[in-house]
Amino acid sequence: MTLRELINAVKEHKLTKEQLEGYFDQLCILEAELHLEIAELEKKEALFLDVSEEKTNADKERKWKATKEGLREIELKNYIRSVKPLLASVKNRIYQQIF
């Protein structure tokens, strides 16, 4: 399930505890996968910055962000930011159903 599909599924208000637990698990796994992918990109970024011929660090970073991998890194960072509140929301809804 993609992040957008998870967001739409979690928006539904009448989810059972079991469904919420399933979505929570999927979101945790997705967040872990996103972190692994971003780690690989950060290693590539370090190598890119090391060999870049730009004079300043700001120029090197700007050049990196314009690459396909740099754009993917930006995307992943924002995906991670969107997963965190979803996890908190789902967790809260599970607790509401328990108590």
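None of the figures in this text is laboratory data; all of them are computed from the coordinates on show. Quick caveat, the model's predicted, so the values are computed rather than measured. Cβ coordinates were reconstructed from backbone atoms using ideal geometry, including for glycine residues, and neighbour counts include every protein chain displayed.
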- What is the helix-to-structure angle for 17-51, meaning the angle in degrees between its Cα long axis and the longest Cα principal axis of the chain, kept from 0 to 90 and rounded to the nearest 10? 0 degrees
- Inter-part distance where region 16-35 and region 66-82 are each reduced to a Cα centre, Å: 21 Å
- Message: Please check: in the Gaussian network model of the chain (C-alpha springs, under 10 Å), which one of L41, L49, L76 has the largest mean-square fluctuation.
- Response: L49
- Item | GNM top mover of L36, L27, L86 - the chain, alpha-carbon springs below 10 Å | L36
- Note on the structure: Most exposed first, judged by fewest Cβ atoms within 10 angstrom, K77, K63 run K77, K63
- Message: If exposed means no more than 11 neighbouring beta carbons inside 10 Å and the site is in a DSSP loop, what's the longest run of the chain without any exposed GluC sites (Glu not before Pro)?
- Response: 54-99
- Added length on full extension, which subtracts the Cα-Cα distance from 0.36 nm per residue, E42 to E12: 7.3 nm
- Estimated FRET transfer efficiency (C28, I74; beta-carbon r; R0 22 Å; 0.05): 0.45
- Query: When we measure straight from the Cα of K43, which lysines land under 18 angstrom away, once same-chain ones fewer than 8 places off are left out?
  - Reply: K60, K63, K65, K68, K77
- Could you work out which residue, out of K55, K68, K84, moves most in a Gaussian network model of the chain, that is, has the largest mean-square fluctuation with Cα springs under 10 Å? K55
- Query: Relative to the first principal axis of the alpha-carbon coordinates of the chain, what is the inclination of helix 68-98, with its axis defined by its Cα atoms, in degrees from 0 to 90 and to the nearest 10?
  - Reply: 20 degrees
- Rounded to one decimal in nm, the spacing of the 7 Å Cα→Cβ label points at R81 and T56 is 2.3 nm
- Candidates [x] 0.99; [y] 1.43; [z] 1.07; which is the computed Cα Rg over 2.2 N^0.38 Å? [y]
- Query: How would you rank F24, F99, going from fewest to most other Cβ atoms within 10 Å of each one's own Cβ?
  - Reply: F99, F24
